[in-house]
2 protein chains.
Amino acid sequence: MTDPAAPAADTRPYSPGLEGVVAGETSLSHIDGAAGRLLYRGYPIGELVRAGSYAAVAELLWSGEWRPDATLPCLPVPGTVMAALRALPTTARPMDALRTAVSAWGAVTDPSFPPTPDQARALTAFSPSALAAFARIRRGLEPVAPDPDLDLVAGYLYQINGERPDAATARALDAYFIVGAEHGFNASTFTARVITSTRSDIASAVAGAIGAMKGPLHGGAPSEVVEQIHEVGTPERAEVWVREALASGTRLMGFGHRVYRAYDPRAAALREVAESMEHRPEWLELAIAVEDVALRVLGEKYPDRPLKTNVEFYAAPVLMGVGLTPDLFPATFALARHAGWTAHAIEQGAANRLIRPDVRYVGAAERSLPGA
Amino acid sequence: MTDPAAPAADTRPYSPGLEGVVAGETSLSHIDGAAGRLLYRGYPIGELVRAGSYAAVAELLWSGEWRPDATLPCLPVPGTVMAALRALPTTARPMDALRTAVSAWGAVTDPSFPPTPDQARALTAFSPSALAAFARIRRGLEPVAPDPDLDLVAGYLYQINGERPDAATARALDAYFIVGAEHGFNASTFTARVITSTRSDIASAVAGAIGAMKGPLHGGAPSEVVEQIHEVGTPERAEVWVREALASGTRLMGFGHRVYRAYDPRAAALREVAESMEHRPEWLELAIAVEDVALRVLGEKYPDRPLKTNVEFYAAPVLMGVGLTPDLFPATFALARHAGWTAHAIEQGAANRLIRPDVRYVGAAERSLPGA
């Protein structure tokens, strides 16, 4: 194009938001929205939740090997990073604190290109400690050093609360971490791959990904599900509440999904864990009751629409059930996605090509400055 | 696609690296590589360097208005961010320090979506102070508070050196900042737009962009030009050195460009500023001599190749000439690009659509876990 006055001459295909454009190849996960299936390296997400731990799933994503006995204890926060966390205002958003901590971790550790499984392990095991430290600091409490005997998810709860979680609580959050670990080329993962494609480092990639996940179009608004379940109040009120909500045009949060037309396999896996708990937290009890009613009433009212439960519906009660406050939900989701982000950074770095799309110019024609 | 065992069924077009794929529209800049033209909002880069300042060019990018008298003094570093910078190891890379500072700035200021010109001004005027502070801290010196009477580029040099630069030095670096301010959908700018597209904030976008620019495939390796010019030593040796280098197969750094087939208009603008200086720093004197010889010899040797001077060739001697050390070059480039990154964040946010490409699955077919 030699004449910017005529942008119409740019006839290359343009797909806003890159919808339907294949931007890369991956061996990490496969999403089949029509059938409601999600596979990590070929294994169905439901099987992974039943048989594995987050540490085993993360190792699977990083190395391709299934080692069900893998462990990944949280790592201590370097003193320099802790100083940065202590300096932040206590009102800072946890996502901003986590992004800053990961960036500072990169400044301290200076990871080289290409990203490696060792770097992925180190960063994934660092971030829960950093977020937990900030969660305590902002409440005026001292951070708790990680317990090397606890696996990553139990160790995260331990560093937030100062006491070891019971097995069922740790198991419920571990299931959440597994279903949140990886999900194709969403905006944050794509960000991590673009950053890695310049031969930049894994901390730059994950700090960028956290920034992308912070946006509500990607990270969602999990507190909305919480508020809704809170409004229902008791399982007995679920039927009346759902019918009244739909009659008054209120949108039910946690149903329907851009990709999944069938039941979201991540929601199914989380419900299975919830149902198997001997003593279910009240939040999960309520969520199960609301879901049963909502699916029945939505099916009556909109028989032709694929309004099935999505992962956010169960994410919220699981996170509430294990004792996290809603303002920690997005950053906890980001902790879970570390396995996927870092696996994508490894995959991108191993067969790298700079990601650099074109742009269509639609601005002013060439002109001179006034007075020039 | 219902059978992940048969990824060949995925017949959507795939362009590795998104080469030739239009990923968005912009009114900010137009690059005409064949003719060697670069326009910001329609104005040729050469005119902007001649008539404007970085502050005026940044305002042009943010608001679309040409206000040649615009000023943008550096802003002070918030105490919380300064504490984070003081905590970093003195060996940290300046790009890592700048990325961390921008992330911490976001945690402190909590900028809302959509990005605004006021946010862009505040962030662009913060970052030079943060980088200059780190540049002093790592040398064991106290940071210098910004001088509100100095415009951004002079204020950056002041905060590094503790004394006001002379007018010619400030002018040379200002020209570098103008030509580095914006350049279409490179990997860092695209990163900023992907992050913004989730409705995330301007600090997340710029922190991610810094991470992308850190990679040598994007931010380059400016110290290589420095080493080369250093090897030449004196203008008189240029002819012999260039001929010997080409005869021995050494690649001349700073010549040839992926997009520009003609003389890079940014290099032309920087040379013009260099030539107009009454007392040229030795580095610029040498660079001009090397360029003259190199273009002549390259033209003799490869008459059919478009091996013209690129912007990196002059960036290095300008940055050395104003007294910056090579390890500050990438982060100084990032400071200059703040105007473009933040303008793209504003443009993306004003007509937003989530950027979420597809990915092609090339991994294992569905399988069960061993023992499941």
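The values are calculated or read from the model by the stated rules, or taken from the named source; none is laboratory data. Please read these numbers as outputs of a predicted model, since none were measured by experiment. Cβ coordinates were reconstructed from backbone atoms using ideal geometry, including for glycine residues, and neighbour counts include every protein chain displayed. Accessible surface areas use protein heavy atoms only, side chains included; no ligands, DNA or RNA. Shrake-Rupley method; radii C 1.70, N 1.55, O 1.52, S 1.80 Å.
Among the protein heavy atoms of the protein assembly as shown, carbon and sulfur supply 51% of the accessible surface, probe 1.4 Å, non-protein parts ignored.
Partners of residue A:308 within straight-line reach, counting lysines whose Cα lies under 22 Å from its Cα and excluding those fewer than 8 residues away in the same chain: none found. Between B:264, B:358, B:151, the GNM of chain B built on Cα springs shorter than 10 angstrom shows B:358 fluctuating the most.
Shape summary: the protein assembly as shown maps onto an equivalent ellipsoid whose semi-axes, from the alpha-carbon gyration tensor, are 48, 27, 24 Å in decreasing order.
Springs join every pair of Cα atoms under 10 Å in this Gaussian network model of chain A, and among A:219, A:33, A:46 the largest mean-square fluctuation is at A:33. Tell me the total accessible area that A and B bury against each other, 1.4 angstrom probe, in square angstrom rounded to 100. Summed over both sides, the interface buries about 8700 Å². Taking every Cα-Cα distance in segment A:1-101 and sorting them into 10 Å bins from zero, the calculated P(r) comes out as 11, 21, 21, 25, 14, 7, 0 percent.
Qualifying GluC sites (Glu not before Pro) in segment B:236-298, where qualification requires a DSSP coil assignment and no more than 12 other C-beta atoms within 10 Å, comprise B:278. For segment B:117-163, the set of trypsin sites (Lys or Arg not before Pro) satisfying both a DSSP loop assignment and a count of at most 11 other C-beta atoms within 10 Å is given as B:139. In segment A:193-210, burial by the other protein chains removes 10 Å² or more of 1.4 Å probe accessible surface, compared with the chain on its own, from A:194, A:195, A:198, A:199, A:200, A:201, A:204, A:207, A:208. Each other copy holds its own label point for residue A:166; taking that point as 7 Å from Cα along Cα to Cβ, the gaps run 7.7 nm, nearest first.
Close amide H partners of residue A:41, meaning residues 5 or more places away or on another chain with modelled amide H under 5 Å apart, are A:29, A:30. What FRET efficiency, computed as 1/(1 + (r/R0)^6) with R0 = 41 Å and r the Cβ-Cβ distance, is obtained for residue B:353 and residue B:292, rounded to the nearest 0.05? After rounding to 0.05, the efficiency reads 0.25. Residues whose amide H comes within less than 5 Å of that of residue B:34, counting only those at least five positions distant or on another chain, are B:261 (H built at 1.01 Å from N in the peptide plane).
Entry note, chain A: relative contact order of 25 percent, from Cα contacts under 8 Å with a spacing of 6+ residues.
For segment A:250-333, the set of trypsin sites (Lys or Arg not before Pro) satisfying both a DSSP loop assignment and a count of at most 14 other C-beta atoms within 10 Å is given as A:251, A:258.
Rounded to 0.05, the FRET efficiency of the residue B:166 and residue A:366 pair, given R0 = 30 Å and the Cβ-Cβ distance, is 0.30. Distances between equivalent label points of residue A:366 across the copies, with each point positioned 7 Å along Cα→Cβ, amount to 5.7 nm, shortest listed first. The antiparallel fraction among DSSP beta bridges confined to the protein assembly as shown stands at about 65%. Taking 0.36 nm per residue of separation and subtracting the current Cα-Cα distance, fully stretching the chain between residue A:149 and residue A:47 would add 34.2 nm.
Sorted from nearest, the other copies put their residue A:353 label points 2.4 nm away, the label point being 7 Å from Cα in the direction of Cβ.
Computed as a quarter of the hull surface, the mean projected area of the alpha carbon convex hull for chain A stands at 23.5 nm². Here r is the Cβ-Cβ distance between residue B:19 and residue B:67 and R0 is 35 Å; the resulting FRET efficiency, rounded to 0.05, is 0.40. Per residue of chain A, the DSSP helices (runs of n ≥ 4 H) give a summed -39500 (n - 2.57) that works out to -17000 deg cm²/dmol at 222 nm. Taking θ as phi - 60° and the Karplus parameters 6.51, -1.76 and 1.60, the scalar couplings of segment B:115-130 work out to x, 10, x, 4, 5, 4, 4, 5, 6, 5, 8, 7, 4, x, 5, 5 Hz in sequence order, x denoting glycine and proline. Protein heavy-atom accessible surface, 1.4 Å probe, per residue over segment A:221-321: 48 Å². Taken along the Cα-to-beta-carbon direction at a fixed 7 Å, the label points for residue A:86 and residue B:11 span 6.3 nm. Summarising the amide proton neighbourhood of residue A:360: residues at separation of 5 or more, or on other chains, whose placed amide H is nearer than 5 Å comprise B:23, B:24, B:25, B:26. 3J(HN,Hα) couplings calculated from phi for segment A:259-272 with the Karplus curve 6.51 cos²θ - 1.76 cosθ + 1.60 (θ = phi - 60°) are, in sequence order, 9, 7, 8, 9, 4, 4, x, 6, 5, 4, 5, 5, 5, 4 Hz; Gly and Pro show x. With the simple spin-label model, which puts each label point 7 Å out from Cα in the Cβ direction, the residue B:224 to residue A:275 separation comes to 6.0 nm.
With a 1.4 Å probe rolled over the protein heavy atoms of all chains, the accessible area of B:166, B:147 falls in the order B:166, B:147, largest first. Other residues with beta-carbon under 13 Å from the beta-carbon of residue B:87 carry, at +1 per Lys or Arg and -1 per Asp or Glu, a net charge of +2. The 3J(HN,Hα) values that the Karplus relation (6.51, -1.76, 1.60; θ = phi - 60°) gives for segment B:28-35 are, in residue order, 7, 8, 9, 10, 10, x, 5, 8 Hz. Gly and Pro appear as x. Here the relative contact order of segment B:221-321, from alpha carbon pairs under 8 Å that lie six or more residues apart, stands at 45 percent.
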